[in-house]
Amino acid sequence: MATDEARATPRARRLRARAWCVGLFVLLLATVVGAATVGPVRIEPATVAAVALNALPWVDFQTPDVARTILRVVRFPRVVLAAVVGVALAGAGTVMQGLFRNPMADPSIIGVSSGAALGAVGVIVAPFAVPFGMGLHLAAFAGALAAGFGVYLIATENGHTPVATLLLAGVAVQTLLGAAVSFLLVRADDHSLREATYWLMGDLAGATWGEISAALPAVVVCVLVLVYFARDLNVLLLGEADAGALGVPVERTKRVLLAVSAVLTGAAVAVAGVVGFVGLVVPHAMRLLVGPDHRVLLPASALAGGSFLVAADTLARTLAEGLPVGIVTAFVGVPFFLYLLVNREVRSL
């Protein structure tokens, strides 16, 4: 009897994990469809679903021309990009909190967001100073990777990268890059200053299918790689010495997790700007719901992050035209995080 119960427990856990992931995926789809109905022109959910399904070669629903144009040109790109960015930030935030064993860690902790900000603001304010004539998205992505890998090189000595040193190096690099961004903003004219400020607050207005095509493959591949390493991340929570004794290649695993998280965050920030609190709050909320097992927590957080950012962006464009989504995520994320803190739900990992 006891043996049967012991055998049933892992199976029950797997079924529960699958149920959570399926439910959150359905929630993401529902959020995307619901967000696409909202706007100056109200479009019924059935029409939204029909236009989306028409992308399949064997489907041909009849839909109004006006609704089809609005959805394909304006709403779908913005909503889908919000989902992609939310998935990326929440996934990277989950890994950073687990890797650093720190509930305050988020995707920007290794300087990736600051590097992207410097690249983007450099293109906006002083494009002549950016090498190779890179556009804003490419410069932001390059800046993100340069900052992330720079922090890693600073913190690594003799093939070993202490997490505490990595954290301190990240804080130092963030501060330095933040000062460089501030210097550029002081030197900017009014038009460039406004454009750079909107980008720094996180803005999904003007999203295009080209941006989605650039970010989506990187996000999908990176999330799958992180899920593959979820078991090793679980073991790292025990401490590096114990993880090594249990057969986890600690340094190689840290390198992979840091590199993939840097690419994931860089891809998100490059196309959407600096969107805060998604990678900090969503992993906490999902940890309370699904537990600390990263094999479940990672995909659950990624899916929930997509839904959260789609909902936040929908609220942003409903409240005021041109309102950056980063403002909404801060207004929603900070009170929720403080609630968790007051109720002692934010604990060391």
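Rounded if a/c is under 1.5, else prolate if a/b is larger than b/c, else oblate: which is region 74-342, with a ≥ b ≥ c the root eigenvalues of its Cα gyration tensor? Oblate shape, in that a/c is at least 1.5 and b/c is the bigger or equal ratio. Using Cα-Cα distances under 8 Å and only pairs 6 or more residues apart, what relative contact order does region 74-342 have, in percent? Relative contact order, region 74-342: 34 percent. FRET efficiency for the pair residue 259 and residue 44, taken as 1/(1 + (r/R0)^6) with r the Cβ-Cβ distance and R0 = 51 Å, rounds to 0.70.
Farthest towards the positive end of the charge dipole of region 74-342, among the residues 162, 177, 123, is the Cα of 162, using unit charges on the Cβ of Lys, Arg, Asp and Glu.
Peptides 235-248, 99-112, 310-323 ordered by packing proxy, namely the average of other Cβ atoms within 10 Å per residue, highest first: 99-112, 310-323, 235-248. If you plug the beta carbon distance of residue 191 and residue 56 into 1/(1 + (r/R0)^6) with R0 = 30 Å, you get a FRET efficiency near 0.10. Remark: the chain carries a charge dipole of roughly 700 debye about the Cα centre, counting +1 on each Lys and Arg Cβ and -1 on each Asp and Glu Cβ. Which of 85, 221, 271 moves most in a GNM of the chain, Cα contacts under 10 Å? Per the Cα network of the chain with a 10 Å cutoff, 221 tops the list. Within a Cβ distance under 15 Å of residue 93, other residues only, what is the Lys/Arg minus Asp/Glu net charge? Residues close to residue 93 contribute a combined charge of +1. Straightening the chain between residue 25 and residue 158 buys 43.6 nm, computed as 0.36 nm per residue apart minus the Cα-Cα spacing.
Assign one of three labels to region 157-248, namely rounded, prolate or oblate, based on the Cα gyration tensor with a ≥ b ≥ c the square roots of its eigenvalues; rounded applies when a/c is under 1.5, prolate when it is not and a/b is larger than b/c, and oblate otherwise. List each step's numbers first, then the result.
On the way: a/c = 4.15, a/b = 1.60, b/c = 2.59.
Oblate, since a/c reaches 1.5 and b/c is not below a/b.
Modelled spin-label separation between residue 208 and residue 14, with each label point placed 7 Å from Cα along the Cα-to-Cβ direction: 4.6 nm.
Every number in this text was worked out from the coordinates using simple rules, so none of it is lab data. Computed from a predicted structure; not experimentally measured. Positions of Cβ are backbone-derived with ideal geometry, glycine not excepted, and every protein chain shown enters the neighbour counts.
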